[in-house]
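Heads up, the thing below is written out as structure tokens.
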Amino acid sequence: MAKNLRKQLNASLGFDEISFTVPYVFLPPRFKDISEKRNMVLFMDTDTVMHVRWEGVRQDEHHPLSPGACRRLFKECIRNMKRYRKDLDSFSKFVDTEAEVPFWDPREDSLTKDRTDEPAPSVEKEVIAVLDSKSGAEERKEEEMGGESPIPHFGWE
């Protein structure tokens, strides 16, 4: 998968803007304060200069980053991701050992079982033919159950 992404990035380099979103929770502390709990959007323009902007902010509000600053940012984000993964793994193990099945209202696991969806019962429409007295043409009206009744046509125009 990384090779495919690398090929896509190389193909668009210099022709299109390349962007990558960094979730707020993985940002280093100095960027968390600036971000105001918004995700960071890193993008490289057609001149291959890296810029930072925040989700929900106007497109023209961005700040350039040097390659060294990008390396430090990526390193800290990866460290935070690893810490988050360790915490998630620890929480998963805790849940596996300590969690109990609810005894008061056991429910089926809706995420794993295949549900057989039955189609809704069809409502048949009643077709009424009305003969227009002026033109002698037959007009068809469909009536469904419920809702407002259609406005009658009295020939006033």
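Selection of the stretch 59-92 for residues being aromatic (Phe, Trp, Tyr) and more than 18 Å from ASN39 (Cα to Cα) yields only PHE91.
Among the residues making up the stretch 1-45, those that are in contact with a His (Cβ under 9 Å, 6 or more places away or on another chain) and among the aliphatic types (A, V, I, L, M) are VAL41, LEU42, MET44. A count restricted to the stretch 83-94 and to residues that are surrounded by fewer than 11 Cβ atoms within 10 Å (Cβ to Cβ) and under 19 Å from THR21 (Cα atoms) stands at 1. For the stretch 1-105, which fully contained helices (runs of 4 or more DSSP H) count at least 2 residues that are free of Cβ contacts under 8 Å to residues at least 60 places away in the same chain and in contact with a helix residue (DSSP H, G or I) (Cβ under 8 Å, 6 or more places away or on another chain)? Counting at least 2 such residues, we get 29-35, 67-98. Residues of the stretch 70-82 include at least one that is closer than 20 Å to ILE18 by Cβ, surrounded by fewer than 12 Cβ atoms within 10 Å (Cβ to Cβ) and of a type outside the set (Lys, Arg). Taking the criterion of being touching a strand residue (DSSP E or B) at 6+ places or on another chain (Cβ under 7 Å) and at pLDDT below 90, would at least one residue in the stretch 76-84 satisfy it? The answer is no; no qualifying residue exists.
There is no residue in the stretch 117-132 that is modelled with pLDDT of 75 or more, of a type in the set (Lys, Arg) and more than 30 Å from ILE34 (Cα to Cα).
The values are calculated or read from the model by the stated rules, or taken from the named source; none is laboratory data. Worth saying up front: this structure is predicted, and the values here are computed from it rather than measured. Don't worry about glycine lacking a Cβ; one is built from the backbone with ideal geometry, like all the others, and counts go over all protein chains shown.
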